[in-house]
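Taking it in order: structure first as structure tokens, then the write-up.
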Amino acid sequence: PSVKQRQFWRADWFAGLLVVLAVLALHGTTDLFGTLERRFYDFASTSTTRQPSERIAVIAIDDQSIANLGRWPWPRDIHAKLIDQLAAAKAKTIVHTVFFTEPQVDRGLVFIRKMKSALGVSPEATATNEQLGQIISEAEIALDTDAVLAASLKSAGNVLLPAVFVFGEQQGKPDNPLPEYALKSALDDPSGFSLSMVRAQLPITAIGSAAAGVGHLFQDQDPVDGAVRSEPLLVNFYGKAVPSMALLAAAKSLNLSASDIRLNAGQSVQIGK
């Protein structure tokens, strides 16, 4: 090559080096590329022409719902009625995202049970107040809304419930291992492939045991703007991988169970064959 060509190549190489250095400097000192990536992602996800499937219905608990049915949290017999209606409408899978991590005890239930106990002390009193005893038994059933909800869940047979997990590095053993009803939806993950969690809040036993499955609702919030753009398909709780609610719903809609979800460690999560 001639002298002019060599000079041109040197100038071109030097310009390319400056561009690379400028890009590295911007990447190291600013969040320019991350911001651009987030904006492009948000634009692409909101500008798509794809429409949600008509087979999916979202039943929102909004301001109008609360105005119609009363302040939140609702008694659990209201949730039971909703599930009964969805089951009667032949919903294939019901994904219920309300947390039932604590019992909901009506204050009147305690006194109803005391009255029931008092009537049961004397057989003569029970015989002479048979009608009163029946009314008290009906009141006990109506006020025990946890039992009402559990009965609806069991009757429907296709309701998935959420659990809450806290992200962190695992050490030793958990304070409380996953209960049997949650293990039915979990996979073995001894390699720790899925996201590590250290604490769990699960549905109470009476309700969780009646559900068709328990999945996580852990959301990966962007540290910059707090938006949720991704969700882990699995979270690891001391060697057990708990599927997300979305993954469980997808499997159940395909007539598959949690046992049909396979974890290919380091590679992928697979549903079915």
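The values are calculated or read from the model by the stated rules, or taken from the named source; none is laboratory data. For clarity, every value in this text was computed on a predicted model and none was experimentally measured. Neighbour counts run over all protein chains shown; Cβ positions are idealised from the backbone, glycine included. In case anyone asks, the SASA skips ligands and DNA or RNA and just uses the protein heavy atoms, side chains included. Shrake-Rupley method; radii C 1.70, N 1.55, O 1.52, S 1.80 Å.
Results, tabulated for the structure shown:
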{"read-out": "Which listed residue, of S194, S268, S253, S230, is among the small types (G, A, S), modelled with pLDDT under 95 and surrounded by 20 or more Cβ atoms within 10 Å (Cβ to Cβ)", "value": "S194"}
{"read-out": "Set D220, D260, D225: member being at pLDDT below 95, acidic (D, E) and within 17 Å of the chain's Cα centre (by Cα)", "value": "D220"}
{"read-out": "Per-region count, segment 63-120, residues part of a loop (DSSP other than H, G, I, E, B) and under 24 Å from A211 (Cα atoms)", "value": "20"}
{"read-out": "Filter result for the condition that a residue is at pLDDT below 90 and open to solvent by less than 50 Å² (accessible area, probe 1.4 Å), over I136, I141", "value": "I136"}
{"read-out": "Options A200, A186, A156; residue that is open to solvent by less than 60 Å² (accessible area, probe 1.4 Å) and farther than 19 Å from L217 by Cα", "value": "A156"}
{"read-out": "Residues (closer than 23 Å to L217 by Cβ and surrounded by fewer than 17 Cβ atoms within 10 Å (Cβ to Cβ)) located in segment 92-112", "value": "K92, T97, V98, F99, T101, E102, P103"}
{"read-out": "Those strands (runs of 3 or more DSSP E) lying entirely in segment 210-273 with at least 1 residues in contact with a Leu (Cβ under 7 Å, 6 or more places away or on another chain) and within 22 Å of S152 (Cα to Cα)", "value": "213-216"}
